[in-house]
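Quick notes on the structure that follows.
The values are calculated or read from the model by the stated rules, or taken from the named source; none is laboratory data. Nothing here was measured: the structure is a model prediction, and the numbers come from that model. Neighbour counts run over all protein chains shown; Cβ positions are idealised from the backbone, glycine included. Please note that ligands, DNA and RNA were not included when accessible areas were found on the heavy atoms of the full protein model with its side chains. Shrake-Rupley method; radii C 1.70, N 1.55, O 1.52, S 1.80 Å.
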Amino acid sequence: MIANFYAIDHLGIADASMLNKLAPFFAIIASYIILKEKPTKLDWTSLTIAFLGSLFIIKPTNNLSLLPSLIALYGGLGAGAAYTFVRKMGQQNVKGVAIVFYFSLFCTLLTLPYTILQWQPLTIKQFLCLLGSGIAAAIGQFNVTTAYQSAKAKDISIFDYTQVLFAAIYGLVLFQEIPDHYSLIGYAIILSSAIYKWQITRKQTPVQ
């Protein structure tokens, strides 16, 4: 969560969101380690293509200018592991409300010292923005938790990529952020990999 907020603050919204959306691919690895769900060749192929696409967004250099991108990538890694643990808890009949509560509690306790040490008075506008983001995040978290409790990450991950579309629109309208052509290539590669994998998985899954 901290890595994601840092990335949003130091990258374009669309770039930060796209790197965070590598989480479903990291979930493939985490599911193999934690849940013993063996990835298929298709899973490994899509994972490799997604990482190649991420390089167009990260734009590797020999200096610290890529640090925000690497932190965003780490945020995707953490999110992928978290989704896997959510599924594990769902298999153990842990309620979604409890998962969201403890997730929020842990984040609050972890960031509380920084909040106290770096406290700054908020304007009314800042307070309303934070309140709105908190409400939107809470609604989104409940829905994401329910989704990952109910199905395998690799089956529903494609729908998570709609966030990138909304982030790009918000970035353009609110901040006039236009991704460069390398980022656009990276988006296309990652999204194409996700969509292709999702379609193949649907065809291979028997209709219930």
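For segment 65-91, a residue qualifies if it is open to solvent by 70 Å² or more (accessible area, probe 1.4 Å) and modelled with pLDDT under 80, and the qualifying residues are S65, Q91. Can you tell me which residue among D43, D15 is among the acidic types (D, E) and more than 27 Å from I200 (Cβ to Cβ)? Only one candidate passes the filter, namely D15.
The residues of segment 30-41 that are at pLDDT below 80 and among the aliphatic types (A, V, I, L, M) amount to a single one, L35. When segment 98-111 is limited to residues that are in contact with a helix residue (DSSP H, G or I) (Cβ under 8 Å, 6 or more places away or on another chain) and β-branched (V, I, T), the one that is surrounded by the fewest Cβ atoms within 10 Å (Cβ to Cβ) turns out to be T111. Contact map, segment 182-203: residues that are of a type in the set (K, R) paired with residues that are at pLDDT 75 or above and open to solvent by 20 Å² or more (accessible area, probe 1.4 Å), Cβ distance under 7 Å, separation 6+ or inter-chain. Pairs shown: K197/L42.
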